[in-house]
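Chemist: Would you mind keeping the following structure in view while I ask a few things?
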Amino acid sequence: MNIFLKSAIILKMDSPEKKKIKIIDIKKPSIGGERIIEWQAEENLSESSKQIKTEIIKPKPEDKTEILKELVEKEIEIEKKREKPTESIFKKPTSGEIAHKIQKEKKGKFQFFLAFILVFIFLSGSVYAGVKILPRAEVKIVTKKANWDYGNSVRINPKIADIDVVNRQIPAAIFSEKKNMNISWQATGKKYIEKKASGKITIYNEYSSGPQRLDVNTRFEAPDGKIFRLKSKIIIPGAKIESGKIVASSIEGEIIADKPGEAYNISPVSKFIIPGLKGTDKYEKFYGRSQNPMTGGFVGETAYPTEDDIKKAKIFAENQIKNVVETFLLTQLTSENFKAVDGTAQTTIAKEVVNKETDETGNFSVYVEANSSIQAFKEITLLDLMTALANQAVGNGFKLKSYKIDYKPIEIEAKTNLVVLPVGFNGIFLMPLDQNDFLQKIVSKSDTELKSLIFSSPNIEKADISFWPFWVSRVPDDANRIKIIVE
C-alpha cells in the first residue's frame, strides 16, 4: 500500500471492493490529546460526490498507515450496510403486501380526488359570490327643484266641488250644530210667597176593559186626609183580561196640593183614593200611587230674581252656549281634516226661558238653545291650487315638497258675498321620479350606460353612483342589491 499525506490514496485489498480515501488534514494534538483526521471517501473523481467527514481517533504513534487502515475498514462496513437494502428491492412481495400497497394507492387517489373537489367548490363559490352576492350599487339622485312664492288672496266658495285655478277659488263646507243647556243663577231679591206642593202619581184601572176619563181638579186623597188635585185631564186606558183575570192598566198624571205650605211635602204614597167615586163599585178599582215625595210646598219669604239678576243670567247663558256649540264644531272640523275660516262662525239664540222660581239654595234657572255654523276648507285643496299656479309659473310636472302658509284676516266680497282669504305662501317644488320605474331601467346596466340614462332624464339634476366591491363596474341584475336615494 502506498501512502500519500494530503493526497488521494488507492487501497488494494484481497476483497473485490476498491475504495479511495483522501486525507484532507491531520491536526496535531496537544500533549496527551487526541488526533483529529479529516478524510473523504471517493466514489469517483467528480467534485460533487465528495463528502467530508471528521473522525476523532486516539493518539497513536505517528503511523499514518494504521490510521488509514482503520478508515478503510470503517468505509467498507458502511458500504455493506448500504448494499443490504438494495437486496430487498428484488425480493418477491407477498399477496398481503400487494393488497396493502393497492389499498394505499386507492386511498391516496381518493384523498387527492376529495381535495380536488373541495378546492373546486371553494373556487366556484368564490367566483359566484364575487359575481352574484357581493356586487352592490347605490345611486343618490337629486331631482330638479324650484322655489315659488304667492302673496295674494283666494276665494272660499261653498258652491263648488273642486279648485278653480282661473278664478283662484277653493271649495268650502259649512258646518252647523244645535245645542241647549240650563244654567243656575243666584237670586238677590226677596219676596213673600205661598207655594203648593206637587208631584207625579200613577193612576190605575182595575175595573173594566173600558177607558175612564178623569177631569182637571179630580181629587186624590192621601191616607192622612190631605187632598191633591189633578192638574190636567187624563183618560185611563181599559184593563186587560188574561186567563179570566183582570190585569190593571195605568197612566201617569201630575197632582198639586189643595193648599199651600210645607205640610203637603209628603213622602211617597202607596195608595191615593178618589173621593168622587165613593159609594160606587169603581171606588176600590180606581186609585193612584206615588213613587216619589211631593215637593215645593212653602209659605213665607224667599229669594226671588230681580230684573238685573235675569239680565245677567241671560248674558252668561248665551255666552256659555256659544262656547259649547262652537267648540263642538271645531272638534268636528279637526276630526275630518278641515280648517275653520276664522271670522265665519255665526251663532244665534233659538230659544231662551227664565224659570223665576228659586230652589232651596236661592238659585233660579235659565234654559237656552243655540244654532251655530262656520265655514271651513281642507288645506290640501289650497295646496292643490298653489301647485297648479306654481306649474303655470315655473313649468309643468313639479310636485310640492315643503311649504309655509301665513293666513291673513278674511274679507267678505260685497258683490259675490264670498269669503276672501289673503294668503302668504312659500313653497319648494320638486320634479317627481318614479323610483320603481327607474330601478327597472338601470338593472344590469354598465356604469357608462347608467350615466347616459341619468343624463338623459329630464327629472334628474345630478346623481352620485357607487359600486361595491371595487372591481364591480355594472349594476347588479338583482334589484334587491340596488339602493336608490332621492333627495
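Chemist: May I ask you to order 152-161, 466-475, 406-415 by the average number of other C-beta atoms within 10 Å around their residues, highest value first? Display every interim value, and only then the final one.
Modeler: Details: 152-161: 14.9, 466-475: 13.4, 406-415: 10.9.
Going by the mean number of other Cβ atoms within 10 Å, highest first, we get 152-161, 466-475, 406-415.
Chemist: Determine the per residue accessible area of region 412-487 with all protein chains present and a 1.4 angstrom probe, expressed in square angstrom.
Modeler: Details: 4680 Å² over 76 residues.
Computed with neighbouring chains in place, this is 62 Å² per residue.
Chemist: Mind ordering 252-264, 332-344 by average Cβ neighbours within 10 Å, highest first? The partial results should precede the final answer.
Modeler: Values: 252-264: 17.1, 332-344: 14.2.
Those peptides, ordered most packed to least, come out 252-264, 332-344.
Chemist: Here's a follow-up. For a quick size check, give me the Cα extents of region 169-252 along its three principal axes, largest first, whole Å.
Modeler: Principal extents (Cα only, largest first): 76, 49, 19 Å.
Chemist: Tally Lys/Arg at +1 and Asp/Glu at -1 over every other residue whose Cβ is under 11 Å from the Cβ of Ser208; what's the total? Don't skip to the end; give the middle numbers.
Modeler: Numbers: positive: Lys240, Lys282, Lys285; negative: Glu206, Asp281.
Summing Lys/Arg as +1 and Asp/Glu as -1 gives +1.
Chemist: Taking amide H positions as placed 1.01 Å from N in the peptide plane, with prolines and chain starts having none, which residues 5 or more places from Gln212, or on another chain, fall under 5 Å of its amide H?
Modeler: Close amide H contacts, sequence-distant or interchain: Ile236.
Chemist: Using θ = phi - 60° and the Karplus form 6.51 cos²θ - 1.76 cosθ + 1.60, what ³J(HN,Hα) does each residue of region 401-417 get, whole Hz, x for Gly and Pro?
Modeler: The phi angles translate into 9, 9, 7, 9, 10, 10, 8, 9, x, 6, 9, 10, 6, 4, 6, 9, 6 Hz.
Chemist: Another one. Within region 405-456, what whole-number % of the accessible surface is contributed by carbon and sulfur, with the 1.4 Å probe and all protein chains included in the calculation? Don't skip to the answer; put the middle values down first.
Modeler: Numbers: 1610 of 3080 Å².
C and S atoms contribute 52 percent here.
Chemist: Taking the highest mean first, how do the peptides 351-357, 191-197 order by number of other beta carbon atoms within 10 angstrom per residue?
Modeler: Top to bottom by mean Cβ count within 10 Å: 191-197, 351-357.
Chemist: Amide H of Val486 versus every other amide H placed in the peptide plane: which residues, excluding those fewer than 5 positions away on the same chain, fall under 5 Å?
Modeler: Here the answer is Ile141, since their amide H atoms fall under 5 Å of that of Val486.
Chemist: Right, here's the next one. Please work out the average accessible area per residue across region 348-403, using the 1.4 Å probe convention, and give it in Å². Present the calculation step by step, with values, prior to reporting the outcome.
Modeler: Numbers: 2820 Å² over 56 residues.
For region 348-403, the per-residue accessible area is 50 Å².
Chemist: Heavy atoms only, probe 1.4 Å: what % of the accessible area of region 219-271 goes to carbon and sulfur, would you let me know? Numbers along the way, then the final one.
Modeler: Numbers: 1470 of 3120 Å².
The computed percentage sits at 47.
The values are calculated or read from the model by the stated rules, or taken from the named source; none is laboratory data. This one's a predicted model, so the numbers in the text were calculated from it and none came from an experiment. As a convention, Cβ positions derive from the backbone with ideal geometry for all residues, glycine included, and neighbour counts pool all protein chains shown. Areas reflect the complete protein model, heavy atoms only, side chains present, ligands, DNA and RNA absent. Shrake-Rupley method; radii C 1.70, N 1.55, O 1.52, S 1.80 Å.
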